């Protein structure tokens, strides 16, 4: 029963997000939309922002379950970008809210595993520290999240998937070379230290 109620609340919230900005949605709007009591809402969610976080968590789980063996990081990121593009109104209404940092947090959570897997695969056979791999992963995440947020800021003109294709062509293909250069620089530094 609890799962059914949570789904009803979530569905009502999503319908409202497609119609109006997040900041305009109240608990009263949600309970009216799904026909439950205020107490029932608060039994499941602390407030509208807790509901939003639950929505993002659910979206991340959906995207993860869509991952099929053989899918690449590019396929998974393309799925995220396509999902955002298909839900433009909803994402736009969240982005233009007072607390749009939740959207940024969601995007970082949704891309962390993808980029970390990609960077680890590119580093295979190289002597690269976990700290360096995580730094590269975070750099890629920051680039993609920044591009998506800029796309939202500019009114969602064009398709975000186009950014992904350009970034893959211009930057991501160089990850292995970047890691090899870093390994070479570290080896040279260690040799110089040993000579002194």
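Laboratory data are not the source of any read-out in this text; all were calculated from the coordinates shown. Owing to the predicted nature of the structure, the values given are computational and were not obtained by experimental measurement. Cβ placement follows ideal geometry from the backbone for every residue including glycine, while neighbour counts extend to all protein chains displayed.
What ranking do 143, 10 get, fewest neighbouring Cβ atoms within 10 angstrom at the top? Mind dumping the intermediate values first?
Values: 143 15, 10 18.
The order, fewest Cβ neighbours first, is 143, 10.
Cut-off 11 Å, label point 7 angstrom out along Cα-to-Cβ of residue 37: give me the residues of region 1-29 whose amide nitrogen falls inside.
none
Based on DSSP H runs of at least 4 residues, each adding -39500 (n - 2.57), what is the mean residue ellipticity at 222 nm of the chain after dividing by all its residues, to the nearest 500 deg cm²/dmol?
Mean residue ellipticity, 222 nm, calculated: -25000 deg cm²/dmol.
What whole-number distance in Å separates the alpha-carbon centres of region 1-61 and region 72-146?
25 Å
Sequence gap at least 6, Cα distance under 8 Å: using those rules, report the relative contact order of region 4-148 to the nearest whole percent.
Values: 89 pairs, mean separation 36.6, N = 145.
Once normalised by length, the contact order is 25 percent.
Run the numbers for residue 85 and residue 157: contour at 0.36 nm per residue of separation, minus the present Cα-Cα distance, in nm. All intermediate terms of the calculation are to be shown ahead of the outcome.
Numbers: separation 72, 0.36 × 72 = 25.92 nm, distance 1.04 nm.
The residue 85-residue 157 span can extend by a further 24.9 nm.
Could you give the nm distance between label points at residue 62 and residue 28, where each point is 7 Å from its Cα heading toward the beta carbon?
2.9 nm
Extending each Cα 7 Å along its Cβ direction at residue 100 and residue 75, get the distance between those two points in nm, one decimal.
Distance between the two pseudo-spin positions: 3.3 nm.
Which one, 166, 134, 88, has the greatest fluctuation when you compute a Gaussian network model over the chain with C-alpha springs under 10 angstrom?
Checking each option, the largest mean-square fluctuation is seen for 166.
Using a Förster distance of 35 Å, how high is the FRET efficiency between residue 3 and residue 150, based on the Cβ-Cβ distance and rounded to 0.05? Please list the in-between numbers first.
Values: r = 37 Å, r/R0 = 1.07.
In this case the efficiency is close to 0.40.
Could you tell me what fraction of 2.2 N^0.38 Å the Cα radius of gyration of region 64-122 comes to, as a two-decimal ratio? The partial results should precede the final answer.
Values: Rg = 13.1 Å, N = 59, 2.2 N^0.38 = 10.4 Å.
Computed over Cα atoms of region 64-122, the ratio equals 1.26.
Suppose the chain between residue 54 and residue 120 were pulled fully straight at 0.36 nm per residue; how much longer would it get relative to their current alpha carbon spacing? Could you put the intermediate results ahead of the total?
Working: separation 66, 0.36 × 66 = 23.76 nm, distance 2.94 nm.
Length difference between fully extended and current span is 20.8 nm.
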